[in-house]
Amino acid sequence: MTVNLNRWRLSGPVTLDKAVAAFREAGPAWEAARVLLYTPETCVFDWLDDVRPLPANTFEARIFCRNAELRWLRDPLGDGEGDAVLLTDSVLPDRSGLEAIKLEAIDTPPIIAAFDRRYVLWGRGTGGGDDRHSDDRHSTLGTARIGTRCAPIGGVGKDQYAALTAVEYAAAEATHGNAYIVEERLTGLIMASPEFPPEAPSDD
């Protein structure tokens, strides 16, 4: 089976809002995306459409769905702008990118294999929501040590787990043929138990 990995850099420093706009334009039919972003005060983990406006003091963001991931890193010397990279194993349509933002291809070695990965989130389901999220698109996880935290996945029942899913892409080193991991791309969230194999990613 052929495995593809396409990487593009958004030309020039861009604001997070412009990077997100390019992400949406690149894949208008992509599934709903989640956002994992960091500010000096907090970490925001939610559905992208539920985070409006995006915090102005964000210094790093990863926006992802099953189809693609956008990474943005703020330039500490810039004026709210930063570098952005788009990762996908899909072929972008000809209309990809915005008129003001061009996509520059990043050289990627031939991919020989891809591996599904998962990272179990800290805490177990509480069986309920929180003050801000009581819908079927969020679940609350908690432990005695860290308290509770809302996660952008619905249906996590009491004492159940949720896991972040990802794909690792491997290539072969040219001289000796040793395999190495070129890239990892976040893909979604699933309900999972640490004792069992991962299930298919869920965007519900």
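The numbers here are math on the coordinates, done by the rules we state, and not lab data. Treat the numbers as computed from the prediction; the structure is a model and nothing was measured. Glycine gets a Cβ as well: all are built from the backbone with ideal geometry, and neighbour counts include every protein chain shown.
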Selected residue (criterion: surrounded by the fewest Cβ atoms within 10 Å (Cβ to Cβ)) from residues of the range 138-169 that are aliphatic (A, V, I, L, M) and without any contact (Cβ under 8 Å) to a residue 24 or more places away in the chain: 144
Count - residues of the range 47-64 that are over 15 Å from the mean Cα position of the chain (by Cα) and among the aromatic types (Phe, Trp, Tyr): 1
Matching entry among 66, 62 (being surrounded by 16 or more Cβ atoms within 10 Å (Cβ to Cβ) and in a loop (DSSP other than H, G, I, E, B)): 66
Selection within the range 1-44 - of a type in the set (S, T, N, Q) and in contact (Cβ under 8 Å) with a residue 24 or more places away in the chain: 4, 6, 11, 15
Qualifying residue in the range 51-59 (condition: out of contact with any helix residue (DSSP H, G or I) (no Cβ under 7 Å at 6 or more places or on another chain), surrounded by fewer than 16 Cβ atoms within 10 Å (Cβ to Cβ) and closer than 22 Å to residue 104 by Cα): no
